[in-house]
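Student: Take a look at this one; I'll ask things after.
We did not get these values from a lab; they are worked out from the coordinates using the rules stated. It should be emphasised that the depicted structure is a prediction, and the values quoted were computed from it without experimental measurement. Backbone-built Cβ (ideal geometry, glycine too); neighbour counts: all protein chains shown.
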C-alpha cells in the first residue's frame, strides 16, 4: 500500500496536476456560506461558467487543457454562446489576467436523472486549449472507485455561490474546509435521496455549499497534490448548515471521463 501511495504521488507530480503555485490559506473555521475569501489564484483549476452577458451560473474544474468537469444539472441549451472563465478570483475586477474560452461541446452523463440527481456529471470541451501556468492549472482525478477510506488529507470546497439563501453570489472566490462524512452519516441526513454509488457528502461543521457553487470542485489533498473527489451537486434548499453538502463522486466516473475525452489520466 505504501508503494502504491508513493507511486500515485509521483504520477501526480509527473502529470503536473493538483499542484498550486500559490498555496491556500485559512484563518480558521471557514464556510462558503458567509465564507472566507480564498487566496488569489490558490485554486487554479476552479472555473466559472458564464453566459455571454457574463452572468455566473455554475462552477467547474479544469482536468486538462481542453476539458472541464461540472455538474449535469448545470447544462444549459444555449451553452454554445457561453464561456468558461479561467484564472478568475474577483468577478468584480476588470484587472485580472483571465482566459475567456467558448464551449465547443457539452457531454451530459447518459444516465443523469433530474428527478433523483443521480449521475450528476458533465464534461465541457473548450473551443481552444487553455494556457496553463501559475494561475491556471489542472486538478488530478481520483483513482477508479476510490472510497472515503482512501482519502486522508484535508478537503476543500470552493466557489462563487451565494453566501446565504437570500444573498447574491460572492464576487470573490470563497473557500471552506469540509470534512468527509461516511455513507451512513450521509444517509442519516438525506435518507433514500443519497446514493452511495454515485454520491458522497461532506460538512456538518458550520460549513456548506450554496446555489452558484454547483458543478464546482470538492478537492482533497493527497501527498501534496489535490484530487477532485467531488462536484457540488445538491443540498439544503435553504443552504442550511445542519445538513451536509452532497457531491457527485468523481471516482465512480473515471472510466466514463476517459472514454468520452479519449484521454488517459
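Student: What Rg and what Dmax come out for the range 78-177 when only alpha-carbon atoms are used, in angstroms?
Tutor: 16.3, 43
Student: A follow-up question, please. Return 22, 177, 63 ranked ascending by Cβ neighbour count within 10 Å, so the fewest neighbours appear first.
Tutor: 22, 177, 63
Student: Given a cut-off of under 8 Å on Cα pairs at least six residues apart, what relative contact order in percent is computed for the range 98-160?
Tutor: 28
Student: Based on DSSP H runs of at least 4 residues, each adding -39500 (n - 2.57), what is the mean residue ellipticity at 222 nm of the chain after dividing by all its residues, to the nearest 500 deg cm²/dmol?
Tutor: That comes out to -3500 deg cm²/dmol.
Student: Fully extended, how many nm does the chain gain between residue 80 and residue 184 (0.36 nm per residue separation, minus their Cα-Cα distance)?
Tutor: Here the answer is 33.4 nm.
Student: If you don't mind, there's one more thing I want to ask. When only Cα pairs under 8 Å and 6 or more residues apart are kept, what is the percent relative contact order across the chain?
Tutor: Relative contact order, the chain: 23 percent.
Student: Right, something else. Rank these for me by crowding, 131, 245, going from fewest to most other beta carbons within 10 Å.
Tutor: Fewest-to-most ranking of 131, 245: 131, 245.
Student: Follow-up question, since we're still on this one. With a 10 Å Cβ neighbour count serving as the proxy for reagent exposure, in which order, fewest first, do 57, 194 appear?
Tutor: Result, fewest neighbours first: 57, 194.
Student: Please work out the C-alpha center-to-center distance from the range 86-153 to the range 228-261 and express it in whole Å.
Tutor: After rounding, the separation between the Cα centres reads 12 Å.
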